[in-house]
Each structure stands twice: as structure tokens, then as C-alpha cells.
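Here is the structure we will look at, set down as C-alpha cells.
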Amino acid sequence: MDILFDTEKGRFSYRAAGLAVKEGRLLVQRMRGDQGLAIPGGHVAFGETAAESLRREFREELGLNVEIGGLAAVGEVFFDWKGPCQQIGLYYRVSLPIAPWEGVRHGFDGNGQVREEMEFLWAPVETIQRDGVVFYPPQLAGHLAEKGILHFVSNQLN
């Protein structure tokens, strides 16, 4: 059971995501119909650690085994998800056993009973850090090559 629930004021989400940077490119996901790029990952299930959840999500969505590195960022993210959503996100550095591929791979995200189509692609880091590129959460764009742990608050509701 994912740690994702609705309250009378909005939705709460606990998410783990993996920053995979290889050959100057970052693995990103994009929901069908959305031009914004996001870090692959998913909701942490009750009883799982964030790292266990991240391994599971990469296997489910991409069929890949991921090696989990250190924690890169902790985000408190507020955004609209069919109403207000407050999310705690843990972002880990990860490595994948493959080289970046060209083009887009398709996958699905199980969100409750709904399966949403997603695209996975390797985007050049320099492109993500440019103005005009929609990147979720935007605070991570400048932290992709940093070594420390970033804490940020991203409020897209205001």
C-alpha cells in the first residue's frame, strides 16, 4: 500500500526518486500529455524503505536494476494534483547498468487503479538547466552535479 492518501484539505504523498546522470545526460520521465520533465521514481509503500521503493519502481517501470547511491535532496513539494498535494520527496543518486539510449521508451505508472502512460528519455543536463525547460521540481535543476544534500521547498500552489 503506497503512502499516498487524501485528507479533507488535500492529498499527501511520500515519494522516492532517482537521479541517474550518465555521459552528461539525466534520465527523466514525462507523463503523456505533459511537456514537463521529472525525476523517475514512485510512491514509497508502507513497510518499505525509500531505497527499496526506488529499486521496485525502476524494475516495474523500466525493467532495470538500479544501484542506489547517497541521498542527494529532500524536497517539500506543494503542487496541484486534482487538488492541493503536499509531497515529501527523497531524491537519491542512482546508477544504471546501461548506457543512455536515444529517443523515448514507454512505460506505465500505476496510480491506484489507474495506469498512466509515461515516457522515459535521457535529457542533456545543460538543457534541463536552461530557462524555458519545464522541470519538476525546478530546485533540483541546479543540483544535479553537486555532491552535498539539498533541502528545498517548492510551492507551486501560490
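A few points about this structure:
- The strands (runs of 3 or more DSSP E) found wholly in region 1-107 and carrying at least 1 residues that are among the small types (Gly, Ala, Ser) and crowded, with 17+ Cβ neighbours inside 10 Å occupy 11-19, 41-43, 67-80, 84-95.
- Considering only residues in region 21-53 that are more than 20 Å from Arg130 (Cβ to Cβ) and among the small types (Gly, Ala, Ser), the one that is nearest to the chain's Cα centre (by Cα) turns out to be Gly41.
- If you go through region 135-149 and keep only what is over 15 Å from the mean Cα position of the chain (by Cα) and either in contact (Cβ under 8 Å) with a residue 24 or more places away in the chain or crowded, with 16+ Cβ neighbours inside 10 Å (or both), you end up with Ala145, Glu146, Ile149.
Only the coordinates and a few stated rules stand behind these numbers; no lab work does. Note that the coordinates shown come from a computational prediction; the quantities given were computed from them, not determined experimentally. So basically every Cβ, Gly included, is an ideal-geometry build from the backbone, and we count neighbours across all protein chains shown.
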